[in-house]
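What follows is one structure encoded as structure tokens, with my remarks underneath.
The values are calculated or read from the model by the stated rules, or taken from the named source; none is laboratory data. Because the structure is predicted, anything quoted here is derived from the model rather than measured. Here the Cβ positions follow ideal geometry from the backbone for every residue, glycine too, while neighbour counts run over all protein chains shown.
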Amino acid sequence: MKTKLFLTLLVFCVTLTSSYASFPVERTAKTEILTTTNTTVDSNDSDVVFSSPAVSAAKDKWVGVALWFFLGWPFAAHRWYYGKPVGWNILFILTIGGLGVWAIIDLINILTDKFE
């Protein structure tokens, strides 16, 4: 019995430690400059605007509020939507949103655009 428990714990620890990178990974964001070009083709002026990927990938506040309201307590859906760290999301689920305090703070931060 002790051997089975020891092997199970050993496999769990090996699996847990091998799931993380063994070297530091730095996230870098590529940004593009907004440019406007005027071109004249047959006396028609047209403006072409290229936007950065960060602008198009912005999270909608009201989607976050809806996820907080409907799925926030049991699944921390708003935290997954905004890309928060997995460990903190699991802790949020296990503590039921910090007994509600953490969940209320999340809602206030979502509404004031400070959650990202």
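Observations, loosely collected:
- Inter-residue pairs, beta-carbon under 8 Å, first of a type outside the set (V, I, T) and in the range 1-15, second modelled with pLDDT under 75, 6+ apart: none
- All positions within the range 58-98 that are of a type in the set (F, W, Y) and either at pLDDT below 90 or assigned to a helix (DSSP H, G or I) (or both): W62, W68, F69, F70, W73, F75, W80, Y81, W88, F92
- The range 77-99 residues that are more than 20 Å from W62 (Cβ to Cβ) and surrounded by fewer than 14 Cβ atoms within 10 Å (Cβ to Cβ), paired with ones that are at pLDDT 95 or above and among the acidic types (D, E) (beta carbon under 8 Å, 6 or more apart): none
- Test for L107: is it exposed (fewer than 14 other Cβ atoms within 10 Å of the Cβ) and either without any contact (Cβ under 8 Å) to a residue 24 or more places away in the chain or under 21 Å from K61 (Cβ atoms) (or both): no
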